[in-house]
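Below you'll find the structure, written out as structure tokens, and then a few comments.
The values are calculated or read from the model by the stated rules, or taken from the named source; none is laboratory data. Small disclaimer: the values here were computed from a predicted structure and weren't measured. Cβ placement follows ideal geometry from the backbone for every residue including glycine, while neighbour counts extend to all protein chains displayed. Ligands, DNA and RNA are stripped out before the accessible areas are found, and what is left, the full protein with its side chains, is counted by its heavy atoms. Shrake-Rupley method; radii C 1.70, N 1.55, O 1.52, S 1.80 Å.
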Amino acid sequence: EDNEMGILGDIGRALGLLKHPASVLVIGLDNSGKTTLINHLKSGTTSREVTPTVGFQVEEFSKGSINFTVYDMSGQGRYRSLWESYYRDVQAIIFVLDSTDKMRMCVAKDELATLLENSDIKASLCPMLFFANKSDVPGAYTNEECMQEMNLFNIRDRPWHMRSSNAISGAGVAEGIAWLADEIKAGKLTD
């Protein structure tokens, strides 16, 4: 009987009838727009008044056929060591970059390198979505410049995608999440 439900569940998921649960880690340096992005995903609207996240917050919402449990991790230096506590069980990572913060892009690159060296991340091969946030601001790095600055072309062991975004207006957010949902579904169907 369990096998029957498993097959029905697989068919239901393949047809998009059932929701896939997914744990998604949202990381990036402080002030990159992580919480604003999550607030936009949850409600479709955003408040400009967002206080810095201390430690982390857990948010749940659905997009398409995916039920997201999102861990919004503080990007402040003293909290970044907490990120790795959540690596083991994630199905995807969203890395939010402030594309206007050219001075700290190297710090973001170092944090990404540390993440990619983590044994749990290496074992999971989870997809990574990068948002080049605040891309509408004059003088911001382009997608291509962000990919170069972050050495993303060296990531060959997992699917990844870069998307320009504005977390306040929501520009680019839905498209990025749609890519991520497709990657999560593809991974679930092969598990």
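Brief remarks follow.
- When each of K63/K185; K34/K134; K34/K63; K42/K122 is checked by Cα-Cα distance, pairs over 20 Å: K42/K122
- Ordering of 132-139, 106-113, 150-157 by burial proxy (mean other Cβ atoms within 10 Å per residue, highest first): 132-139, 106-113, 150-157
- Net charge of Cβ neighbours under 9 Å - reference L41; Lys, Arg +1; Asp, Glu -1: +1
- The overall shape of the stretch 128-174 is oblate: from the C-alpha gyration tensor, with semi-axes ordered a ≥ b ≥ c, the ratio a/c is 1.5 or greater and a/b is no larger than b/c.
- Of the accessible area of the stretch 102-191, computed with a 1.4 Å probe over protein heavy atoms only, carbon and sulfur atoms account for 53 percent.
- Environment charge at R88 (Cβ cut-off 14 Å; Lys +1, Arg +1, Asp -1, Glu -1): -2
- Between L125 and E60, the simple label model (points 7 Å from Cα in the Cβ direction) yields a spacing of 3.0 nm.
- For the pair K109 and D136, label points projected 7 Å from Cα toward Cβ lie 2.9 nm apart.
- Local electrostatic count, H161, Cβ distance below 11 Å [Lys/Arg +1, Asp/Glu -1]: -1
- In the context of the full set of protein chains, the stretch 87-131 has a per residue accessible area of 43 Å² (1.4 Å probe).
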